[in-house]
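To start, the structure itself, in structure tokens.
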Amino acid sequence: MKFIKTPVKGMCDMLPADMRLREHVLGMIKETYGACGFMQIETPVMEHIENLTSKQGGDNEKLIFKVMKRGAELQRALDKGDGELADNGLRYDLTVPLARYYANNKEKLPTPFKAMQLGNVWRADNPQKSGGDRADYGDGDDAQQDPCRGEPECLHHPHQRPPDAGGGGAHGGL
């Protein structure tokens, strides 16, 4: 069997220097949002296919990396001939997972609830090999019960702005 050394199209390896920079920038973001009362959450990388699809078409449904059913469920779908072969999908942004998270956990969460999540997302949008486009992205999302507060709350306080991450001028390169 041939061993392929390069990552799958649209994916990339991260070298130690790149990881140090990435972790530094993510640390600044977490520190800034944390100072504003946001709590970090984590959601699974896979979601139920029903949650990811609106059944109305649209561009978002074209972005889903679908995960096929397994075992007897897959066989039933194949035998049926017109059934959906996927039951899960990789998250293409953090909005749907955040909404599901809140709906599932709202009784256990404080009020007001201010959440942030930073994580990878995957989009099946045919990345170009030479163009640098990627199928895996870093994404961030925040949410709280009062939509008039949030990101601006952190950015209006100069002492809470993250330092320059390089290349972004006086207010940082984030």
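The values are calculated or read from the model by the stated rules, or taken from the named source; none is laboratory data. Worth saying up front: this structure is predicted, and the values here are computed from it rather than measured. Using ideal geometry, Cβ is built from the backbone for each residue, glycine included, and neighbour counts are taken over all protein chains shown.
Descriptive notes on the structure:
- Candidates Gly10, Gly58 - the one that is surrounded by 11 or more Cβ atoms within 10 Å (Cβ to Cβ) and under 15 Å from Arg123 (Cβ atoms): Gly10
- Scope the stretch 61-72; condition within 12 Å of Ile49 (Cβ to Cβ) and modelled with pLDDT of 90 or more; matching residues: Ile64, Phe65, Lys66, Val67, Met68, Lys69
- Given (1) within 23 Å of Asn104 (Cα to Cα); (2) at pLDDT 95 or above, index of the condition Lys55 fails: (2)
- Taken residue by residue, the stretch 122-141 has no member that is in a helix (DSSP H, G or I) and modelled with pLDDT under 90.
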